[in-house]
Amino acid sequence: MRSVQAYAAAVLSLLAVSAVAEAGEKQGGILRVYHRDSPASASIHEEATYSVNIPFMPVFNNLVIYKQDVPQNSLESIVPDLAESWAWSSDNKTLNFKLRQGVKWHDGKPFTSNDVKCTFDMLMGKSAQKFRKNPRKSWYDEVVDVTTNGDFEVAFNLKRPQPAMLALLASGYTPVYPCHVSPGDMRTKPVGTGPFKFVEFKANESIKLTRNPDYWKKGLPHLDGIEFTIIPNRSTAILAFVAGKFDMTFPTEVSIPLLKDVKAQAPNAVCVVEPINVSTNIIVNSSSPPFDNLDIRRAMALALDRKAFIS
């Protein structure tokens with residue numbers, strides 16, 4: 001089985017973008033992208049795979065994020081987002097955040113510490129409002145509660161020290177949700193604080209986002225919008241890219257042989273080999289035959305052509 005894990009070792013993959021990207025930073029334009037899977041909903045917190053966070057994370061912000069120009073994620077590469085700063089208590093069991101002021105949700109309502117508390121209370125199952133599904137509830141098993149001090153301070157109180165908590169909060173699966181929008185509405189018409197606003201989601205067809213003109217990071221985003229077209233078949237999607245219908249692919253979508261084909265058919269495409277912070281794995285069930293046999297697992301490990309696997 002193939003699995004993408006957020007904190008796995010980097011592997012070689014490929015990114016192909018159209019030649020217009022070389023022209024330098026410009027204002028405006030719609031980024032056209034294909035997407036392999038149609039998410040079950042628009043709610044990142046209710047879905048389990050990256051089919052939802054790739055198209056919808058541009059709608060949101062986290063408390064903290066990984067620095068985007070650093071290829072390998074680590075605790076050292078975590079930077080502020082909705083939080084201006086953070087600090088651990090002396091016993092390392094309380095993580096305190098100071099929040100940005102003047103941030104607004106896409107519907108014009110102000111962002112406050114209460115939104116952070118509501119989000120994580122729901123994730124911990126401690127809120128009157130409930131997520132329909134909660135695939136990452138276990139991430140917060142060590143959190144006793146989330147408390148606020150005024151509108152712009154929030155604290156995560158832990159059972160015991162957990163240095164990885166900051167990494168979980170920086171994940172692409174940890175956006176802050178608005179308290180005043182129900183979980184049901186977030187499935188179909190998500191409201192965030194991010195650089196792009198939700199426009200439309202047609203299941204199995206397309207997802208459209210538009211620029212947030214009131215984004216709190218001044219001057220951003222540069223794009224006028226992003227349009228995702230759902231194309232489950234990889235070959236069909238790459239052919240559409242070669243034909244100029246899309247502006248970029250994703251690293252997990254292009255193999256070495258496919259890169260050569262793209263370069264042959266679209267000489268102006270920029271094809272770059274990049275390390276990415278994910279891994280592709282074969283995972284077996286060691287409690288069921290034949291993989292409950294240690295010798296079988298060892299034989300499989302020895303027989304695996306690793307070079308072919310990553311290509």
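Couple of notes before you dig in:
- Calculated FRET value between A243 and A40, using beta carbons and R₀ = 35 Å, to 0.05: 0.75
- Once the Cβ-Cβ distance of V273 and V79 is raised to the sixth power relative to R0 = 22 Å, the FRET efficiency obtained is 0.25.
- Those aspartates and glutamates that a straight Cα-Cα span of less than 18 Å connects to K117, excepting residues fewer than 8 apart in one chain: E46, D81, E84, D141, E142, D145, D151, E153
- In the chain, helices alone account for a calculated mean residue ellipticity at 222 nm of -5500 deg cm²/dmol, with every DSSP H run of four or more residues adding -39,500 (n - 2.57).
- Cross-link pairs beyond the 32 Å C-alpha cut-off, checked among K26/K133; K98/K202; K104/K208: K26/K133; K98/K202
- Compactness of region 152-226, taken as the C-alpha radius of gyration over 2.2 N^0.38 Å, stands at 1.39.
- Extended-chain gain in nm, criterion 0.36 nm per residue less alpha-carbon gap, D214 and K26: 65.8 nm
- Left without a cysteine partner by the 4.7 Å Cβ rule in the chain: C271.
- Simple spin-label estimate for T188 and V144 in nanometres, 7 Å along Cα-Cβ: 4.1 nm
- Within region 130-147, backbone nitrogen closer than 19 Å to the virtual label 7 Å beyond the Cα of S287 toward Cβ: 138
- Each eigenvalue of the Cα gyration tensor of region 166-298, multiplied by 5 and square-rooted, gives one semi-axis; in descending order these are 33, 27, 16 Å.
- In a simple Cβ point-charge model (Lys, Arg +1; Asp, Glu -1; nothing else charged), region 37-230 has a dipole of about 260 debye relative to its Cα centre.
Taken together, the values in this text are just the output of simple stated rules run on the coordinates, not laboratory data. Predicted model, so just to flag it, every value in this text is computed and none were measured. Cβ atoms come from the backbone with ideal geometry, glycine included; neighbour counts cover every protein chain shown.
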